[in-house]
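Structure first, commentary second.
The values are calculated or read from the model by the stated rules, or taken from the named source; none is laboratory data. Note that the structure is a prediction, hence the values are computed from the model and not measured. Here the Cβ is made from the backbone with ideal geometry for all residues, glycine too, and neighbour counts use every protein chain on show. The area values use the complete protein model at the heavy-atom level, side chains included, leaving out ligands, DNA and RNA. Shrake-Rupley method; radii C 1.70, N 1.55, O 1.52, S 1.80 Å.
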Amino acid sequence: MTALQLLVIIITASFDKTLSRAGEDDMCKLVDNKAKMGHVIADITNVADLDPDSETMKEIRSKLVENGVIVIRNQNLTRQQQVDFTSKLGREVIRLPGSFNGDDPELGFPEIARASNYFYNGTWKGRRNCFGCYWHKDGNFLHSQFLASILYADTISSNNSATMFLDNCGVYNKLTRKTRQQLAESVFTVSVRDIPDFQDGTEEDLTLYPDYARHPGLYRHEGNGRQCVYITVSLVTEGGAAVEQLTDAWKEVTERG
């Protein structure tokens, strides 16, 4: 059994400042004041025009596996171009059903999941509306083991907050021996029914997914060989330490990551 391994590509339009008001230096957060998490790929005119076998696409794939998160700046993509670029990276794994999207589909493009404070018709969702505003791992309710998420930003408000990422591999060496042992002995199960944003999902849509996906607490990343930690807020333990015992482990992971 292997754990789900998530990789993230962030594609932004032509903004002066993206993801962090502190500027380019903070785009990939410093870890231990030594190494940055993530990698910025510059000088790509249009990712939609890239040949799947080009050297640039090879670099994108390589840096993605090596760093976990990459940022590609200054892109202005149509919805069709977003879908086309995604298809160059591999086969589509997740297509969220309509009832999972909070009644906010991207019309004509079911491959795209909207994460916005405005509905597709331009009306405001309200101050308290937020999609995915908690620590989570995309696709952790699936058996698929190697996923890439692509985040594309059209517009960022002037009072934007940060999008944060946790390096579950980088945090391994910072954990205490006790926590590592607890995780090594644990198997976690995640159900699509436990995902906060999917609570309004219809029974028909919920049954499209497995009852539970199983993930070991510790695993070795298949792409880069690093020792990694599997832990999220939406999990139930199947073996090893009880979830209550791992509350401190979760706090330790997020604080040290």
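Before moving on, here are some points about what is shown:
Matching residues to (1) more than 16 Å from the chain's Cα centre (by Cα); (2) more than 21 Å from Arg226 (Cα to Cα):
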position	(1), (2)
Val69	no, no
Asp104	yes, yes
Pro110	yes, yes
Ala113	no, yes
Gly139	no, no
Leu151	no, yes
Phe165	no, no
Lys178	yes, no
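- Residues that are assigned to a loop (DSSP other than H, G, I, E, B) and more than 21 Å from Gly126 (Cα to Cα), drawn from region 83-106: Lys88, Leu89, Gly90, Arg91, Glu92, Val93, Ile94, Arg95, Leu96, Pro97
- From the options Glu222, Glu238, residue that is at pLDDT below 85, farther than 27 Å from Cys130 by Cα, more than 19 Å from the chain's Cα centre (by Cα) and open to solvent by 20 Å² or more (accessible area, probe 1.4 Å): Glu238
- Residue that is nearest to Arg226 (Cα to Cα) [pool: residues in region 75-96 that are surrounded by fewer than 16 Cβ atoms within 10 Å (Cβ to Cβ) and modelled with pLDDT of 85 or more]: Ser87
- Pairing each residue of region 70-81 that is touching a residue at least 40 places away in the same chain (Cβ under 8 Å) and at positive phi with any residue that is of a type in the set (Val, Ile, Thr) and crowded, with 19+ Cβ neighbours inside 10 Å, provided the two are 6+ apart or on different chains, yields C-beta distances under 9 Å for Asn74/Thr12.
- Scanning region 174-219 for residues that are in a loop (DSSP other than H, G, I, E, B), more than 30 Å from Pro105 (Cα to Cα) and either acidic (Asp, Glu) or open to solvent by 70 Å² or more (accessible area, probe 1.4 Å) (or both) turns up just one, Glu185.
- Within region 192-212, the residues that satisfy the criterion of being of a type outside the set (Asp, Glu) and within 17 Å of the chain's Cα centre (by Cα) are Val192, Ile195, Pro196, Phe198.
- Residue within region 119-131 that is small (Gly, Ala, Ser), touching a residue at least 12 places away in the same chain (Cβ under 8 Å) and farther than 29 Å from Glu222 by Cβ present: no
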